[in-house]
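Take a look at the structure set out below.
FYI, it's all coordinate maths here, none of it is from the lab. These numbers were taken from a predicted model, which means no experiment stands behind them. Note that we place each Cβ from the backbone using ideal geometry, even for glycine, and neighbour counts take in every protein chain shown.
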Amino acid sequence: MAGARIRPGISRVDDQGLRLRALDDRALDVCFDGRRVWTFWTLRDTEGTGPLRRVAWPRPLVKHLDGRSVVAVRDSASGATYFEQELALGSGAGRVEVVSPKGVELGFDKSGKLVPTFAGRSERDLGSLLDATEAVVAALRECGLEPFLAYGTLLGAVREGRVLGHDSDADLGYVSRHDTPVQVARESFRVQRELAERGFATYRYSGGAFRVDVQEGGVTRGLDVFGGFLDRGRLYLMGEVGTPFLEEWLWPLTTAQLSGRTLPVPAQPEHLLEAMYGAGWKVPDPAFKFTTPARTTRALEGWFRGTQPGIRYWERRASASTRGSFREPSVLARRAARLAGELGAEVLDVGAGRGADSVWLARQGVPVTAYDYVPRGLRDAVDVAAAEELPLDVRPLNLTEWRSVLAEGAHLAHDPRPRVVLARHVLDATSAFGRESLARLCSMALREGGRLLADLHVVDDAAGGDRPGDPGEDAPDWMVGRPDAEAVATLLRRYGATRVVTKRLPNRDRTTVRMVGEWSAWT
């Protein structure tokens with residue numbers, strides 16, 4: 001029959017992945033012992049020639065595939081089963097368990113992350129999430145907004161009346177009554193401050209969106225708050241939306257049921273769902289990928305995202321970091337400990353990463369503030385500090401945003417004391433603006449005297465890339481541009497350093513410059 005879809009055939013499932021025959025593109029769920037863990041599209045996500053396709057296991061899943069399991073491959077939309085067989089993977093010993101170190105079941109969400117999805121969570125667990133969602137909705141209303149369910153949370157409410165099993169967070173949106181990006185951004189920052197004053201833990205994504213951390217059955221979930229506005233008949237909503245839209249499709253808000261809770265949704269939610277997920281939003285697709293028009297991406301980045309370059313890269317690194325014991329402290333951390341003892345100083349660990357140096361320093365009795373662009377990577381350090389009652393504080397810091405740098409600098413300046421700033425591979429992981437921001441932060445934090453200890457990679461001209469500012473093919477993937485040590489030293493002096501000493505530390509892979517900047521107490 002013309003237009004009929006042909007059933008895909010699964011020819012092999014083994015330690016390497018799946019082999020299949022497919023003539024059209026459809027979403028397939030891969031289940032282990034009856035639980036959906038991963039979804040892929042038969043053409044989009046596979047490799048091969050013609051109908052003969054193959055797809056490898058996602059890298060985060062591989063370490064879990066050791067044991068026996070009933071592996072099933074099912075059509076995401078219809079539920080039809082194309083393959084089901086007991087298999088031995090890896091050593092074949094025991095059962096395959098795709099769980100976190102704490103035993104929480106994991107699955108891939110639409111972002112391709114292996115995380116605790118909602119599938120398999122108890123009603124009690126989901127109840128705590130819905131309680132938190134209702135509390136945030138109420139708080140946003142008190143702040144003068146008109147919030148509604150958005151993205152996957154709206155999709156679950158409208159299409160299924162419940163939380164989507166393959167989702168892993170909750171989403172709220174609101175459309176500001178302001179009509180310019182500057183006003184919308186100012187409003188978003190105001191609302192975030194007011195939520196923080198009410199005791200909510202928040203984290204900012206951009207000028208128009210932030211996250212509220214909520215607890216759900218021992219798991220910290222992100223409840224995203226996406227701001228938007230109407231511009232001459234066009235709706236822009238942070239995340240992925242920029243489309244022609246009518247006010248009556250939004251207001252007055254109505255309600256929908258989400259797992260037994262009555263929550264606000266747009267007046268005609270199907271229009272927003274089509275803007276978010278396309279005309280096929282009614283068909284389940286756990287592996288959905290946004291294909292945001294370039295026009296929308298340029299607009300949202302220009303208006304709201306300009307102060308967080310590379311944030312998704314660093315968030316992926318933080319999410320993928322291995323939890324457990326910390327590495328040995330760096331040479332720079334040991335030097336910071338000696339200096340802190342001599343000066344009676346605290347240490348500011350800028351770009352702390354997972355916090356190995358910060359935890360080690362705190363265990364030596366040195367007061368430490370650990371700063372990072374994505375502080376979620378410091379979650380282990382926070383747990384260790386609480387358990388061992390260590391003098392360690394964790395704070396967010398964005399060197400590419402004056403608001404963040406100046407606010408933190410003012411906070412430090414109002415508490416004058418000797419300090420040692422530890423910046424291990426920060427100057428080479430940020431832009432020229434970020435390097436200037438670090439220098440300015442030091443000028444504010446070291447008013448009572450102190451030191452900056454920094455390591456940065458430099459690129460010899462012969463090893464660099466073809467384009468100016470290109471760090472070269474052999475540079476770490478996190479390295480930004482080609483920082484010049486002498487230019488950095490000049491910058492530090494401009495911001496008050498009375499003495500700067502640099503030393504080149506050549507090694508087999510690349511040259512590192514160790515830099516010590518000294519600030520004297522203000523008189």
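Observations, loosely collected:
- ³J(HN,Hα), Karplus 6.51/-1.76/1.60, whole Hz, each residue of region 13-20, x for Gly, Pro: 10, 8, 5, 7, x, 10, 10, 8
- For region 156-233: rounded, prolate or oblate by the Cα gyration tensor [a/c cutoff 1.5]: oblate
- Extension gain from Lys282 to Ala88, taking 0.36 nm per residue of separation minus the Cα-Cα distance: 66.2 nm
- Residues Glu301, Glu518, Glu408 arranged by fewest to most Cβ contacts within 10 Å: Glu301, Glu518, Glu408
- Rounded to whole numbers, the Karplus 3J(HN,Hα) couplings from phi for region 35-46 are 10, 5, 10, 9, 10, 9, 9, 5, 10, 4, 9, 10 Hz, using 6.51 cos²θ - 1.76 cosθ + 1.60 with θ = phi - 60°, and x at Gly and Pro.
- Distance in nm between pseudo-label sites at Lys289 and Thr49 (7 Å out along the Cβ direction from Cα): 2.4
- Unsatisfied cross-links (Cα-Cα over 19 Å) in the set Lys113/Lys282; Lys110/Lys282; Lys113/Lys289: Lys113/Lys282
- Cα gyration tensor shape for region 183-273, rounded if a/c is under 1.5, else prolate or oblate: oblate
- Neighbourhood net charge (10 Å Cβ-Cβ; Lys/Arg +1, Asp/Glu -1) for Ala370: -2
- In straight-distance terms, cross-link reach from Lys503 covers every one of the aspartates and glutamates whose alpha-carbon lies under 19 Å from its own, apart from those fewer than eight places away in the same chain; here that gives Asp428, Asp455, Asp460, Asp461, Asp484, Glu486, Glu518.
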